[in-house]
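The values are calculated or read from the model by the stated rules, or taken from the named source; none is laboratory data. This structure is a prediction, so every number in the text was calculated from the model and none was measured. A quick note on method: Cβ atoms are made from the backbone with ideal geometry, for glycine too, and the neighbour counts reach across all protein chains shown. Ligands, DNA and RNA are excluded from the accessible area calculation, which covers all protein heavy atoms including side chains. Shrake-Rupley method; radii C 1.70, N 1.55, O 1.52, S 1.80 Å.
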Amino acid sequence: MKTLKIASTLFIVALGALTVFAKPTQRKSFDLDWKFAKFGGFEDCLASKDPGEAVAKPNYADGRWRKLDLPHDWGVESRFMPNLPNQTASLPWNAVGWYRKEFELKPAEGSRYFIDFDGVMMTPKVYVNGEFAGEWKYGYNSFRVDITKFLKSGKNLVAVRAENLPNSTRWYPGAGIYRHTYFVESPAVHIDHWGVFVHTPEVSGIKKINDKKPARELKATSAKVATETTVANTRGNEVEAEVVQEIYPIPREKEAKPLAKKSAKLKIAANASAVANVEMLLSSPKLWDVTSPSLYALQTTILINGKAIDRSLTKFGVRKAEWKTDGFYLNDRRVQIKGVCQHHDLGALGSAVHKRAIERQVEILQSFGCNSIRTSHNPPAPELLEICDEKGILVDAELFDCWKYLKEGKTNGYNLFWNDWRERDVRNFVLRDRNHPCVIAWSAGNEIEEQGKKDGPEIARELVKLFKKYDSTRQVTVGCNDLSASWNGFGKEFDVHGFNYKPNDYKNFANKNKQPFVASETSSCVSSRGFYSFPNDNNFDPFWRRNFCDNIAMCLVSDYGLYAPGWAYAPDVEFGALDDEPRCAGEYVWTGFDYLGEPTPWNLGRKPENDFRGVPEKELKKLKEEMERLKKQGSPARSSYFGIVDLCGFRKDRAWLYQSHWMPDVPMAHILPHWNWKGVRDGKIVPVMVYTSGDSAELFLNGKSLGKRTKKKNASLTGKDMNGDMRERYRLVWNDVKYTPGTLKVIAYKNGKKWAEDEVKTTGDAAKILATADREEISGDGCDLSYVTIIIADKDGLKVPTAKNMLKFSVNGAAEIVGVCNGDQTDQMSMKGTEMKAFAGMAQVILRGKRGASGKATLKISGEKLPVETVEIKVKKAN
């Protein structure tokens, strides 16, 4: 086998190995040097017909196949195709893909060999040396294939077939082996796959902290640490083993002694497995918390006759998590959930997992106060949970978007696999992720059809039992958009009830039930970053959904943060509902980031009657006609509008609204819209809004005061719309500002004292390109990334918010371009190309360090009538 990084061994070295092993489990990356071909009816397919299992044979001719490394998403590699369903991003993901990989191996007698797949989209089948070795159905779940009996000494071949079924998803799912793979070799007696479970059933003497001054370390007097270790014996005889558990801090000093240590004896029958239960007391533990996410390592060693034969390391956190009728409690204090829902794609990278891309998303979310993520509506990449453990992000980990009953409009949902696969999927989902302290709940499903079915409660009851079978320490929840689920018996089957878009019903539910609840999906406000429109010049009414009607030709939505489909509402409505009913645990906004597919309100996979509820009949008729036209000619809309930030990760205006509410003690003020309306709205009204964590603000135009406004703390926001002057509970509005070029400035106050300032200016014409890399040094490992933000600026360096210059990119040296984007939901240019228009004055290039390379990499950016700009980064040699 080629030299590959051994992840588990590296971890052991980092923490200090204390025991000499015969040959413990080795887990090596299996991502490099694959060959790939795509089959189907698209222009990038090698052939229209799937060759079938002949591809899995060692003698199959694959000379025309592409060479690539994993993870890989074949759908996002293509250009956008407007004739394809825009609900799945107008990308050709619906096809068959085959992967082949050769490797050398001399199997050791008695050893077991596996391939671990973090995720393959979808219905993967795995072949070894031409023989069928295993399969999975659900494209989001992780799974293992035992390949021991198919191996031979010398050259071996692994082939993987993936097929995305048509009409099987409501968003872009990705395609192919889009997550990491690993080759695993284990001794005959070994720790089973996901075989270590560690949790802290008792945490005593938790020290109180001041949330306004977060502690660097949160501690307790003691904690009971319980472990369950499953040991597999593939020998033909019974064995007696000893399971030794040791706890170490992270990071760990080289010669550090364990903080706690205990062992248990175990008899394991031939070709069977057994579980060892060990409890330890940890004194003065540092707690895992959103303010101080301290982590520990559990080192598990298997001994036979005193000789160590296997070892693993499991990261965990000591924390006390409780769902109560008045909210969620972490370490004996209530923590308001300020969360977002996240689909799994990574913008221009598609669904191909890059850890740095996920880390950057989490950092951006945290920047405006987010402390929790709901993994909607599927198991996440393992890397997301690792990052959330490290950064103190709470996770509502969701498994399904469909159960037994098919969702409307779909023909190939999870219902196809429900009967035979649901327990296997629950098992893998829970076992893989149950050691993560960030996971505070398992979500069994989202808006599933069973909510209103007669047998819905029975199906839910059985599913919850499966979750509890594999993890009895966490609560199980569900996201319900059918209000009847809160009283028809369905919701009662869950530990925590989840409301999707029901802000007016929290108080009634809390008064009548003794069940914890959370707003599992909220707002669904839609907007295009930096785009503003004014539907009625004479009487500006920002709440009227006519905005959709006026902008259907361009398929953009104003960034005033007011517009929403008929079943949704502006962020302020949810803020008010939660402030007025504090027994709700908090919210998960739909969504943190824009994502590929599901471009509501221009989503051609949905009925206009659903998304445009409340629009006058005359306007609805016009919308239906326009939607039919878009279906015939192809809609430009191909990604979602829901995000608080866009597909690049650039903030929409709403991000400052959330920051002002979620981070009230951080001084900030933000003005919208931009002030480049010269020749467009001279003398006309341009409503101005201010988002601030202050309680009042004074607005100035060219030095003249336009008045001071104060938030109306007790204003009632009822229904799903905000009327009149917004009631100004969470944002301040000047609805009568007539446009004059110049400078808008706001001074915000809090408790009568100056708190924060902001200003926007009318800029000059585009004169130069500004470019900044978020990381000036990356690794040459073929995975690490640097995101380059590009701004079109005037001669004074101010961003020109209306600029849409065409930009061209090239890179020399030790990095390569792996993605380009601009955040425009309607841009049809390939995100894998070397050019992209600026949108609202911005664009993005993603650079990746070349595998095995080191040195400098220089990105060159050229634009229409603009001087060339360059950005240089350093690529260091990978370990």
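So how many Å³ per residue does the convex hull of the Cα atoms of the chain work out to?
Values: hull volume 146.7 nm³, N = 879.
It comes to 167 Å³ per residue, whole-number rounded.
Assigning unit charges at the beta carbon (Lys, Arg +1; Asp, Glu -1) and nothing else, what dipole magnitude in debye, to the nearest 20, does the stretch 154-230 show about its Cα centre?
The calculation lands at about 540 debye.
Based on the Cβ-Cβ distance of R461 and E757, what FRET efficiency does E = 1/(1 + (r/R0)^6) give at R0 = 45 Å, to the nearest 0.05? The partial results should precede the final answer.
On the way: r = 56 Å, r/R0 = 1.25.
So the FRET efficiency works out to roughly 0.20.
Using 0.36 nm per residue, how much length does the chain from D420 to Q515 gain when fully extended, once their Cα-Cα distance is taken away? Before the final figure, lay out the partial values.
Values: separation 95, 0.36 × 95 = 34.20 nm, distance 3.18 nm.
Contour length minus Cα-Cα distance gives 31.0 nm.
Could you work out the local net charge near G561, counting Lys and Arg as +1, Asp and Glu as -1, over the other residues with Cβ closer than 10 Å to its Cβ? Spell out each step's value before the answer.
On the way: positive: K652, R654, R731; negative: D559, D572, D653.
Combined, the nearby Lys, Arg, Asp and Glu give 0.
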In debye, nearest 20: dipole of the stretch 291-370 around its Cα centre with unit charges on the Cβ of K, R (+) and D, E (-)?
200
Show me, for the stretch 253-262, the HN-Hα J-couplings you get by feeding each phi into the Karplus relation (A = 6.51, B = -1.76, C = 1.60, θ = phi - 60°), rounded to Hz, glycine and proline as x.
5, 4, 9, 5, 8, x, 6, 7, 8, 7
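Based on the Kirkwood radius over alpha-carbon pairs, what value in µm²/s does the Stokes-Einstein equation return for the translational diffusion coefficient of the stretch 71-184 at 37 °C and 0.692 mPa s?
On the way: Rh = 15.1 Å.
The calculation lands on 218 µm²/s.
For S533 and R613, what does the FRET efficiency come to when R0 = 22 Å and r is the distance between their Cβ atoms, rounded to the nearest 0.05? Show your work: numbers first, answer last.
On the way: r = 21 Å, r/R0 = 0.94.
Working from the Cβ atoms, E equals 0.60.
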Two-site label geometry, D580 and N83: point separation in nm, points 7 Å out along Cα→Cβ
5.1
Among 452-458, 354-360, how do they line up by average Cβ neighbours within 10 Å per residue, starting with the highest?
354-360, 452-458
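Using unit Cβ charges (K, R positive; D, E negative) and no other charged atoms, how large, in debye to the nearest 20, is the dipole of the chain about its Cα centre? Write down the numbers at each step before the final one.
Working: 130 positive and 111 negative charges, 214 e Å.
For this selection, approximately 1020 debye.
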1.4 Å probe accessible area per residue over the stretch 21-104, in Å²
43
If we count every other residue with Cβ under 9 angstrom of A89's Cβ, Lys/Arg +1 and Asp/Glu -1, where does the sum land?
-1
Okay, helix-only estimate at 222 nm for the chain: each DSSP H run of n ≥ 4 adds -39500 (n - 2.57), divide by all residues, round to 500 deg cm²/dmol; what do you get?
-4000 deg cm²/dmol
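Sort largest first and round to whole Å: the equivalent ellipsoid semi-axes of the stretch 93-153, each the square root of five times a Cα gyration tensor eigenvalue.
Working: eigenvalues 114, 34, 16 Å².
That gives 24, 13, 9 Å for the three semi-axes.
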Rounded to 10°, Cα long-axis angle of helix 382-391 versus longest principal axis of the chain
70
Taking every other residue with Cβ under 12 Å from the Cβ of N167 and scoring Lys and Arg +1, Asp and Glu -1, one gets +2
Dipole of the stretch 334-464, positive direction: furthest Cα of F417, I364, I459, with charges on the beta-carbon
I364
Counting only residues 5 or more places away or on other chains, whose amide H sits under 5 Å from the amide H of F517 once H atoms are built in the peptide plane?
G327, H497, A585
What fraction of the Cα pairs in the stretch 804-879, stated in percent, has a spacing above 17 angstrom?
46
Picking from I769, A232, P24, whose Cα lies most toward the positive end of the charge dipole for the chain (charges on Cβ: Lys, Arg +1; Asp, Glu -1)?
P24
Of L281, V746, S810, farthest towards positive along the dipole that unit charges on Lys, Arg, Asp, Glu beta carbons give the chain:
L281
